[in-house]
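All remarks here apply to the structure that follows.
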Amino acid sequence: MKRCAPLAAVLVLALLTLAASPPAVLAQAKDTLTVALVSHAPTLDPHMHFERVGILVNINMFDSLLHRSAKLQFEPSLATSWKAISDTQWEFKIRKNVRFHNGDVLTPADVKYSFDRVIDQTKKSPQYGNIRAIKEVKVVDAETVHIITDKPFPLLLERLVFFPIVNKKHIETVGDQAFGTTSPVGTGPWKFVEWKRDQLIRLEAFDQHWRGKPAFRHLIFRAIPETATQVAEVKTGGVDIIREVSADLVPELKTHPQAYISSTPILRVHYVGLDMRTAPFDKKAARQAANYAVDMIHDRAQGTSDVGPWPGD
């Protein structure tokens, strides 16, 4: 299990995961881990999309200031420490001697630039809404940055957990388009090798990563839209991990000699919001009909979210 630890950031985001053989066997038998995703994000630039399939790739190529432990506690990543100076100002100490995949050393200027390019609304980053409370990021010295918000922002640390830090000099040299397609450079445990659109993204271990050498030499994300194909691939060893296996497939896969099921809880809550201001749900009878149409007993047994009556109904 230890050999799979660098992929923990990927696995923790999965509702239900299926792998072709137990982690210990994978670690001993091969130097390549292949993950099936239903698709790829439109870009590898971590600031220019907000798609789950893209985050699962980017989180292996880029680091953030903080991360969460398995117990959901904030822990150091590119920031070694942090503290609130006031209700609207936080101080972060930046880890020394961290290298980007191209050999450049991480600096506080890279941290500031990462936030500036998302805050800059001319860039139209889909992630702007998550950090819009940040008014300014200041470089204080060679190892310190201050993040200033426009008002008290209790969610700041949470929003920094998956906010990737990028290389200012590299992006200004190659340009945004190349950075998102052929030249993504981060500080993460795996570095970019190639992207064949709608086929695969190939990463290779970054041996100079500040946490140490990754367990697997190669990490591949294959785009496989069809669930049946994903299941067939995991049974035959074409992929090692598939995500979000539907409940009706679990019994079959549990008994397959080349597969095992692993599940983990996450913090996300799924819900459907119905607008009561417009037809048909502006009518009480329509809301009640939708409520009665849901098999709540079956849904609870499957572990899905409950649907309750609307207020006043």
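Shown here for region 106-190: GluC sites (Glu not before Pro) in loop regions (DSSP other than H, G, I, E, B) with at most 12 other Cβ atoms within 10 Å, of which there are none.
Charged neighbours of Lys151, selected by a Cβ distance under 14 Å, balance to -1 (K, R count +1; D, E count -1). Modelled spin-label separation between Ala279 and Ser81, with each label point placed 7 Å from Cα along the Cα-to-Cβ direction: 6.5 nm. For region 120-248, dividing the convex hull volume of the Cα atoms by the residue count gives 188 Å³ per residue. Rank Pro184, Thr236, Asn130 by how far each Cα sits towards the positive end of the charge dipole of the chain (+1 on Lys, Arg Cβ; -1 on Asp, Glu Cβ) and give me just the farthest. Most positive-ward Cα: Pro184.
Estimated from helical segments only, the mean residue ellipticity of the chain at 222 nm is -7000 deg cm²/dmol, where each DSSP H run of four or more residues counts as -39500 (n - 2.57). Here the chain yields Rg over Rh of 1.01, to two decimals, using C-alpha coordinates and the Kirkwood radius.
What you get for the chain, charging only the Cβ of Lys and Arg (+1) and of Asp and Glu (-1), is a dipole of about 480 debye around the Cα centre. Database remark: amide H of Ser39 closer than 5 angstrom to the amide H of Ile224 (H placed geometrically; neighbours at sequence offset of 5 or more, or on other chains; Pro and chain starts carry no H).
Cross-link partners of Lys196 among aspartates and glutamates, defined as those whose alpha carbon lies under 16 angstrom from its own and excluding same-chain residues fewer than eight positions apart: Asp45, Glu204. Taking a straight line from the alpha carbon of Lys124, these lysines sit under 21 Å away, with near neighbours fewer than eight places off in the same chain left out: Lys112, Lys135, Lys168, Lys169. Taking each residue as 0.36 nm, the span from Arg268 to Glu172 lengthens on full extension beyond its C-alpha to C-alpha distance by 31.0 nm. Exposed loop trypsin sites (Lys or Arg not before Pro) only (DSSP loop, at most 16 other Cβ atoms within 10 Å): please give the longest stretch of the chain free of them, not including the sites. The longest such stretch corresponds to 133-196.
Put simply, the C-alpha atoms of region 40-122 give a gyration tensor, and the ellipsoid matching it has half-axes of 22, 17, 16 Å, longest first. Note on region 19-167: Kirkwood radius taken over Cα pairs, Stokes-Einstein applied at 37 °C and 0.692 mPa s, translational D equal to 195 µm² s⁻¹.
Read the figures in this text as sums done on the coordinates, not as results from a lab. Being a predicted model, the structure only gives us computed values, none of them experimental. Methodologically, a virtual Cβ is constructed for each residue, glycine included, from the backbone with ideal geometry; neighbour enumeration extends over all protein chains shown.
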